[in-house]
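S.K.: Here's a structure for you.
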Amino acid sequence: MAFTLAELTPDNLQAAVSLKLKPGQEKYVAPVVHSIAEAYVTPTAWPRVVLEQNQVVGFIMGSFDPDHEIKEFRAGIWRLNVAGEAQGRGVGQFAIDELAKEARSRGITHITVLWIPGEDGPEGFYQKCGFIPTGEVLFGQTVGALQL
Ligand SMILES: CC(C)(COP(=O)(O)OP(=O)(O)OC[C@H]1O[C@@H](n2cnc3c(N)ncnc32)[C@H](O)[C@@H]1OP(=O)(O)O)[C@@H](O)C(=O)NCCC(=O)NCCS
């Protein structure tokens, strides 16, 4: 199925904030409404929705902040939420590919992500997408990096 990436608009906002994960996954990522509020006050945030036939099936928020004092926060994935009913069909991988494309267009050579460890968490997904744990732990979360 073909996915597209889009900016937030008044038309897709309601669907974006209504996006539901699978039960039990809420501990791994903030609700979309929280992320959008953060994006509103953070000019370096890069929030986008993933659409499938005009339906919102995912949300990704990048951060491109080359001067951030913490180097792991200079370029990477800040949030990623895929609707429970759309998981396992490539939405997450698509969102990461699109974010990587944006990063490359900014001349960035590697991106990072922090994930909360846990058996039903996103670690296996990020590793499948090519992220390699750097060995660091920040705010109790595993740091992974992907060379572009
Ligand atoms: C983690 C998450 C983003 C994955 O999204 P998704 O759309 O289901 O993932 P995809 O379908 O693109 O999967 C890509 C590959 O990763 C694999 N994969 C997906 N989730 C996985 C997991 N939890 N463990 C191991 N592998 C996983 C898929 O099998 C697929 O492999 P394949 O290419 O061999 O078929 C989604 O499950 C989610 O929103 N989880 C809850 C919130 C969360 O944890 N977000 C991350 C915050 S840091």
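The values are calculated or read from the model by the stated rules, or taken from the named source; none is laboratory data. Owing to the predicted nature of the structure, the values given are computational and were not obtained by experimental measurement. Virtual Cβ from ideal backbone geometry, glycine too; neighbours counted across all protein chains shown. Note: areas computed on protein heavy atoms with side chains; ligands, DNA, RNA excluded. Shrake-Rupley method; radii C 1.70, N 1.55, O 1.52, S 1.80 Å.
S.K.: Looking at the structure I just gave you, is Thr9 away from the ligand (no atom under 16 Å from the Cβ) and touching a Ser or Thr at 6+ places or on another chain (Cβ under 9 Å)?
M.R.: The answer is no for Thr9.
S.K.: Taking helices (runs of 4 or more DSSP H) that do not extend beyond region 29-148, which have at least 2 residues that are open to solvent by 80 Å² or more (accessible area, probe 1.4 Å) and within 15 Å of the ligand (Cβ to nearest atom)?
M.R.: Values: elements: 32-40, 91-105, 123-128.
The qualifying helices (runs of 4 or more DSSP H) are 32-40, 123-128.
S.K.: Name the single residue that is surrounded by the most Cβ atoms within 10 Å (Cβ to Cβ) among those in region 12-28 being closer than 20 Å to Pro122 by Cβ and either touching a Cys at 6+ places or on another chain (Cβ under 7 Å) or not charged (D, E, K, R) (or both).
M.R.: It comes out as Ala16.
S.K.: Shifting gears a bit: Can Thr9 be described as among the polar types (S, T, N, Q), touching a residue at least 24 places away in the same chain (Cβ under 8 Å) and farther than 25 Å from Asp120 by Cβ?
M.R.: Spelling it out, it is not the case that Thr9 is among the polar types (S, T, N, Q), touching a residue at least 24 places away in the same chain (Cβ under 8 Å) and farther than 25 Å from Asp120 by Cβ.
S.K.: Inspect all residues belonging to region 57-66 and state whether any of them is under 25 Å from Gly118 (Cβ atoms) and either more than 11 Å from the chain's Cα centre (by Cα) or modelled with pLDDT under 95 (or both).
M.R.: Restricting attention to region 57-66, the residues satisfying the condition of being under 25 Å from Gly118 (Cβ atoms) are 57-63.
Imposing the further condition that a residue be either more than 11 Å from the chain's Cα centre (by Cα) or modelled with pLDDT under 95 (or both) reduces the set to 57.
Yes: region 57-66 contains one or more residues that are under 25 Å from Gly118 (Cβ atoms) and either more than 11 Å from the chain's Cα centre (by Cα) or modelled with pLDDT under 95 (or both).
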